[in-house]
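J.: Here it is: the structure, laid out below.
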Amino acid sequence: MLVNATHMLQSAEKGHYGLGAFNTNNLEWAQAILTAAEEEQSPLIVQCSMGAAKYQGGYNVVYNIVNTLVKNMNITVPVALHLDHGNYEACFEAMDAGFTSIMYDGSHEKSFDINVEHTKELVGIAHKKGISVEAEVGGIGGTEDGVTGMGEIADPKECKTIADLGVDFLACGIGNIHGLYPKNWKGLQFDVLGNIKKEVGDLPLVLHGGTGIPVDQVKRAISLGISKINVNTDLQVVFSAATKKYYEEKKDELEKGYDPRKVLKPGKEAIVVRTKELMEEFGSVGKGWE
Ligand code: 13P
């Protein structure tokens, strides 16, 4: 059974470890991420963006894939299915489909007041259904699903305003960006993170753009109150590299090497390996039902 992400993130916040929230793109992705979580006995947040849900045929398709795999793979660790960067309408669609957690990304709204108004409404509705809510203050840089954020730095006072609406965890821009980091990236702004944490107390904080941040910075961010680390590009890169190798080694020309089950296998295995490494790095191994 899927659970919401509140308890697992509160445990991570108290225990000073991080939980990976891994984006799923298709059946193989979901299988691979779940395999890694079970083998590492780590709690897991499987998340899906609006674009990846559309690609897979809709939120109900994603829900049915993940929910059924949890049952059929006999997954024993807690798993939450989370909407990543949902707009206002997408939050309702994902909740209706059975998602157990949503992110309302109001950072692109015309004003902070609209972000506040929508977040408040969605918290009320989601909590009645037992669904957890992530909100965002300060856009995350980089491009995701065709939307390019400016990489704003979150205002700690605005974080406090949103935290007080009862959100379960909060994403805040601290110099992190989606996708691969440019060579001239200045690194995470730990002073801002420290100020935000002072304002929001024990509310778990979320680090988007988890791909390519040096391990020491990730660990420091976790020690300063980051509890959820979002990872998408990293797994796409390892999947792509393993698939490329398959063709470079001309494995497709061997007996039935063109069968998609054979073609996708190395990429899927690479996702399992990399997800397990990241779980080690974040410190969630063995945290199961803590
Ligand atoms: P990356 O693609 O940079 O790992 O970021 C993922 C993310 O933050 C999803 O919300």
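The values are calculated or read from the model by the stated rules, or taken from the named source; none is laboratory data. Since the structure is predicted, the reported quantities are computational estimates derived from the model, not experimental observations. Every residue, glycine among them, receives a Cβ derived from its backbone with ideal geometry; neighbour counts consider all protein chains shown.
J.: Tell me which residues, restricted to segment 149-158, are in contact with a strand residue (DSSP E or B) (Cβ under 6 Å, 6 or more places away or on another chain) and either at pLDDT 95 or above or among the charged types (D, E, K, R) (or both).
T.: Correct list: E158 only.
J.: Of all the residues that make up segment 231-247, how many are β-branched (V, I, T) and within 18 Å of N176 (Cα to Cα)?
T.: 2
J.: With the condition being surrounded by 13 or more Cβ atoms within 10 Å (Cβ to Cβ) and within 15 Å of the ligand (Cβ to nearest atom), I'd like the helices (runs of 4 or more DSSP H) fully within segment 177-290 carrying at least 2 qualifying residues. Show your work before the answer.
T.: Working: elements: 190-200, 215-223, 233-248, 260-263, 265-282.
Fully inside segment 177-290 and qualifying: 215-223, 233-248, 265-282.
J.: Moving on to the next point. Looking only at segment 157-173, decide whether some residue is farther than 23 Å from V46 by Cα, touching a Lys or Arg at 6+ places or on another chain (Cβ under 6 Å) and more than 9 Å from the ligand (Cβ to nearest atom).
T.: Yes, that holds for at least one residue.
J.: Is it the case that segment 114-128 has a residue that's in contact with a strand residue (DSSP E or B) (Cβ under 6 Å, 6 or more places away or on another chain), among the polar types (S, T, N, Q), touching a residue at least 40 places away in the same chain (Cβ under 8 Å) and in a strand (DSSP E or B)?
T.: Checked against the condition, which is being in contact with a strand residue (DSSP E or B) (Cβ under 6 Å, 6 or more places away or on another chain), among the polar types (S, T, N, Q), touching a residue at least 40 places away in the same chain (Cβ under 8 Å) and in a strand (DSSP E or B), segment 114-128 yields no hits at all.
J.: Return yes when L81 is within 30 Å of E40 (Cα to Cα), surrounded by fewer than 16 Cβ atoms within 10 Å (Cβ to Cβ) and either out of contact with any Lys or Arg (no Cβ under 9 Å at 6 or more places or on another chain) or in contact (Cβ under 8 Å) with a residue 12 or more places away in the chain (or both) and no when it is not.
T.: Values: within 30 Å of E40 (Cα to Cα): yes; surrounded by fewer than 16 Cβ atoms within 10 Å (Cβ to Cβ): no; either out of contact with any Lys or Arg (no Cβ under 9 Å at 6 or more places or on another chain) or in contact (Cβ under 8 Å) with a residue 12 or more places away in the chain (or both): yes.
For L81, the condition - within 30 Å of E40 (Cα to Cα), surrounded by fewer than 16 Cβ atoms within 10 Å (Cβ to Cβ) and either out of contact with any Lys or Arg (no Cβ under 9 Å at 6 or more places or on another chain) or in contact (Cβ under 8 Å) with a residue 12 or more places away in the chain (or both) - is not met.
Okay, residues lined up against (1) surrounded by 24 or more Cβ atoms within 10 Å (Cβ to Cβ); (2) in a helix (DSSP H, G or I):
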site	(1), (2)
K14	no, yes
I33	yes, yes
K54	no, yes
V62	yes, yes
L69	no, yes
V77	no, no
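J.: Where residues in segment 64-105 are aromatic (F, W, Y) and over 15 Å from the mean Cα position of the chain (by Cα), which of them is nearest to S132 (Cα to Cα)?
T.: The initial filter retains those residues of segment 64-105 that are aromatic (F, W, Y), namely 88, 92, 99, 104.
Still in the running and over 15 Å from the mean Cα position of the chain (by Cα): 88, 92.
Details: Y88: 15, F92: 13 Å.
So the residue we want is F92.
J.: Further question on the same structure: Mind listing just one residue for me: the one in segment 89-101 that is out of contact with any Phe, Trp or Tyr (no Cβ under 7 Å at 6 or more places or on another chain) and over 13 Å from M1 (Cβ atoms) and, of those, surrounded by the most Cβ atoms within 10 Å (Cβ to Cβ)?
T.: For segment 89-101, the residue satisfying everything is S101.
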